[in-house]
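The values are calculated or read from the model by the stated rules, or taken from the named source; none is laboratory data. The structure presented is a predicted model; accordingly, all values stated were derived computationally and were not measured. With ideal geometry, Cβ positions are generated from the backbone for all residues, glycine too; neighbour counts draw on all protein chains shown.
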Amino acid sequence: MTAIPPILSLSTCWNSHRHTEGRALAAEARELGFEWIEVSHGTKISLLPGLLDAVAAKEIKVSSLHNFCPPPVEVLMDAPDAYEFTSEKVWERERAISLTKKTLAMATRFGTDRVVVHLGCARVRSITEKLEAMALQGHLYSRDYSDLKLKLVAQREQASARALDRIRAAFSELLPVCEKEGVKLGIETRSHYEQIPNQHEMQKLMAEYADCPWIGTWHDFGHVQRQANLALVDHAQYLSEIASRLLGCHVHDVRWPMKDHRAPLSTGGVDLANLLPLVPAGVPLVWEMSPGNRRHEVVEALRLWREKFPA
């Protein structure tokens, strides 16, 4: 049996801010050695025509789009969570659904069948950042830390049902569009425990939509590692639970406990050597790095990657 080669993709969140023309953005990705890109949230509308031209000319291939793409014209910054399916405001939920429908249509134009989505937040007081601060101060296993963590878990459990109901309502509007466009929704794992879904909610959604071909999971290694660093999840267990439904992954490293979107293999914060074998063959691995990563750091990370994980 012939092994399925990995799809190594570069998210445009790393370099889109430095380009005024989409074709040049695609050319930079190819120069680095990426045959694929993910067109990320925050990619300026002005870059999309050039990116479409690059795809048509077979200069680059698109593994996925990240909601919202195109971004909302009324939001003047990169804000993938500007509108949430779980919002208390009806108009905001409707705007999130409308923008997602546009992303699904844009995915078809780019020739990809995968869109990464954030689902929103549970309506609870944010505690994750306080836990991160306590971890930095060396209090990760203190009584105060444990009490606060248990409070967060309890609050999330109480808020879960209402949030999931709103997500199901959003899916009921989006799934017919998914079927029409032939595009799947990859539910991304998140960095903050207040965000939807947590590990239990992801399991629940995958069970509910087990027979739906248009919904799957999108594993973000850095996000889940941040929760693992706070003793909220077991990273390998979480990935193992959702691996069979994976549509793709975001790959980046973490400087303990919460500085994520570092170049893969740059900090050693994510145990990729033991985690990557849990990912089924052929699943896109999208390098999602912040613009602060320098080009030479990305080049070195790619060299190490090819050394450690030869195709």
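Worth a mention:
One line per residue, one yes/no per condition, for (1) in contact with a strand residue (DSSP E or B) (Cβ under 8 Å, 6 or more places away or on another chain); (2) surrounded by 15 or more Cβ atoms within 10 Å (Cβ to Cβ); (3) farther than 23 Å from Trp214 by Cβ:
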| residue | (1), (2), (3) |
| --- | --- |
| Ser142 | no, no, yes |
| Tyr145 | no, yes, yes |
| Lys149 | no, yes, yes |
| Leu152 | no, yes, yes |
| Gln155 | no, yes, yes |
| Arg168 | no, no, no |
| Ser172 | no, no, no |
| Val177 | no, yes, no |
| Lys180 | no, no, no |
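- A Cβ distance below 6 Å, combined with a sequence gap of six or more or placement on separate chains, defines the contacts here; from segment 6-23, residues that are in contact (Cβ under 8 Å) with a residue 60 or more places away in the chain and within 18 Å of Phe110 (Cβ to Cβ) reach residues that are crowded, with 18+ Cβ neighbours inside 10 Å and of a type in the set (Gly, Ala, Ser) in the pairs Ile7/Ser63; Ser9/Ser63; Leu10/Ala29; Ser11/Ser40; Cys13/Ser40.
- Residue check for Ser126: farther than 24 Å from Ser16 by Cα, modelled with pLDDT under 95 and among the small types (Gly, Ala, Ser): yes
- Taken over segment 85-124, the residue count meeting the criterion of being outside any helix (DSSP H, G or I), of a type in the set (Gly, Ala, Ser) and within 21 Å of Lys61 (Cα to Cα) is 1.
- Residue in segment 161-173 that is hydrophobic (A, V, I, L, M, F, W, C), more than 22 Å from the chain's Cα centre (by Cα) and more than 22 Å from Leu272 (Cα to Cα) present: yes
- Yes/no for Pro197 being touching a residue at least 24 places away in the same chain (Cβ under 8 Å), buried (at least 20 other Cβ atoms within 10 Å of the Cβ) and not hydrophobic (A, V, I, L, M, F, W, C): yes
- Segment 81-100, residues that are within 15 Å of Ser172 (Cβ to Cβ) and touching a Leu at 6+ places or on another chain (Cβ under 7 Å): Phe85, Thr86, Ile97, Thr100
- Counted residues, segment 78-97 - those being free of Cβ contacts under 8 Å to residues at least 24 places away in the same chain and over 18 Å from the mean Cα position of the chain (by Cα): 6
- Listed by first and then second residue, the pairs linking a residue in segment 132-161 that is of a type in the set (A, V, I, L, M) and outside any helix (DSSP H, G or I) to a residue that is at pLDDT 95 or above and crowded, with 16+ Cβ neighbours inside 10 Å, with Cβ atoms under 6 Å apart and 6 or more places separating them unless they lie on different chains, form an empty list.
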